[in-house]
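Read the structure below first, then the notes.
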Amino acid sequence: MTDLKSQIIPDKVPQHIAIIMDGNGRWAKQKGMPRVLGHRSGVKSVREVTEAAGEIGVKYLTLYAFSTENWSRPPAEVTALMGLLVETIRGEIRELNKNGVRLMAIGDLEALPAESYRTLLEGMEQTKNNTRLTLVLALNYSAKWEILRAARILAEQAAAGALRPQDIDETVFESALSTRGIPDPELLIRTSGETRISNFLLWQIAYAELYFTPVFWPDFGKKELFEAILSYQRRERRFGMISEQLAR
Ligand code: IPE
Ligand code: IPE
Ligand code: MG
């Protein structure tokens, strides 16, 4: 582990890592346990990965915790996930403050169950002055929802005469996204072997490096995060140019 960590080039650590935390259910099933216990074990990974990210200087960590599509799951699982969210935020505030972690959230938050929403607001309020790492939870999040909302916000401003359509550029558009002010993720990780995006951060990952691992989320920890970062650091990010044009 210390060996893996020492291989990480500090100047090339991504500022922002986004993770699709997947495979809790299959992890539990494999062990003959109920799916909910997989989610519970997943919280340990959240703790470990958040700590590891802070340790190596990542500034933003965005975790996909609940998609808008996840409402279609069996009601008991949805209830358990919402309960786990409340329990986890309440239980982790002290640790977040100790580690300098600011909690944020993206998604249609007001449509969450009242207690989840309230706890989330409390968690954000109580950690708002921390500056080491920003932990962004994507909750009731859907990228298409976010993009449509941005289009609507800008259309309303234009209709009110406060914005000229020809002034809508990337910067203006980004200001209407829920991630405004947050740099785009350089690295997107998905666990559990699935190789899809599932309606996550479609705009923001335009140039992200994608990293897929078969490891189920409850088994993803510090070591796996460092491996993902090392894979990222070995890649050449060309942004449309050719290799020879890049400063070495
Ligand atoms: C990810 O694990 C957690 C959430 C989507 C909330 P899953 O619950 O999707 O686990 P699998 O994909 O069924 O194994
Ligand atoms: C995506 O995982 C959402 C989260 C990780 C919260 P899912 O397991 O719900 O995604 P699909 O449905 O398999 O694409
Ligand atoms: Mg899944």
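The values are calculated or read from the model by the stated rules, or taken from the named source; none is laboratory data. Worth saying up front: this structure is predicted, and the values here are computed from it rather than measured. Cβ coordinates were reconstructed from backbone atoms using ideal geometry, including for glycine residues, and neighbour counts include every protein chain displayed. Keep in mind that these areas ignore ligands, DNA and RNA; they rest on the heavy atoms of the full protein, side chains included. Shrake-Rupley method; radii C 1.70, N 1.55, O 1.52, S 1.80 Å.
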Accessible area, 1.4 Å probe, largest first: how do MET104, MET241 sort? MET241, MET104
In terms of the charge dipole of the chain, which places +1 on Lys and Arg and -1 on Asp and Glu at the beta carbon, the residue among PHE66, MET21, TRP145 farthest towards the positive end is MET21
Positive-end residue, the chain charge dipole about Cα centroid, Cβ charges, pick of ILE93, ILE9, PRO218: PRO218
With label points set 7 Å from each Cα along the Cα-to-Cβ direction at THR79 and ILE147, the distance between them in nm comes to 3.6
GNM, the chain, Cα, under 10 Å: largest mean-square fluctuation among PRO14, PRO218, PRO34? PRO34
Surrounding net charge for ALA206, when Lys and Arg each add one and Asp and Glu each subtract one, Cβ distance under 13 Å: -4
Classify the stretch 1-144: rounded, prolate or oblate, from the alpha-carbon gyration tensor (a ≥ b ≥ c, eigenvalue square roots; a/c under 1.5 rounded; otherwise prolate if a/b is larger than b/c)? oblate
How much length, in nm to one decimal, is gained on full extension between THR131 and ILE56, taken as 0.36 nm per residue of separation minus their Cα-Cα distance? 25.6 nm
Here the stretch 191-208 yields Karplus 3J(HN,Hα) values (6.51, -1.76, 1.60; θ = phi - 60°; whole Hz; Gly and Pro given as x) of 8, 6, x, 6, 10, 9, 9, 6, 6, 9, 5, 4, 5, 6, 9, 3, 10, 6
For the stretch 57-131, inverting the pair-averaged 1/r of distinct alpha-carbon atoms gives a Kirkwood value in Å of 13.2
Which residue, chosen from GLY181, GLY83, ALA160, occupies the Cα position most advanced towards the positive end of the dipole of the chain, where the dipole is computed from +1 (Lys, Arg) and -1 (Asp, Glu) charges on Cβ about the Cα centre? GLY83
Suppose all protein chains stay in the model; what accessible area per residue would a 1.4 Å probe give for the stretch 1-133, in Å²? 52
Around SER192, under 14 Å between beta carbons, what's the net of Lys plus Arg minus Asp minus Glu among the other residues? +1
Mean 1/r over distinct Cα pairs of the chain, inverted to a Kirkwood Rh in Å, yields 19.2
Taking the stretch 14-61, which trypsin sites (Lys or Arg not before Pro) meet the DSSP loop condition and have no more than 13 other C-beta atoms within 10 Å? LYS31
Work out the length of the dipole vector of the stretch 98-248 about its Cα centre, built from +1 on the beta-carbon of each Lys and Arg and -1 on the beta-carbon of each Asp and Glu, and round it to the nearest 20 debye. 360
Straight-line reach check, LYS59, cutoff 19 Å on alpha carbons, 8 or more apart in-chain or any other chain, hits among lysines -> LYS5, LYS12, LYS98, LYS128, LYS222, LYS223
Given the options ALA159, ALA176, ALA65, which has the most mean-square fluctuation in a GNM of the chain, springs set between C-alpha atoms less than 10 angstrom apart? ALA159
May I ask for the longest run of the chain untouched by chymotrypsin sites (Phe, Trp or Tyr not before Pro) that are loop-located per DSSP and have at most 13 neighbouring C-beta atoms (other than their own) within 10 Å? 1-206
Heavy-atom accessible surface of the chain: percent carbon and sulfur, 1.4 Å: 53
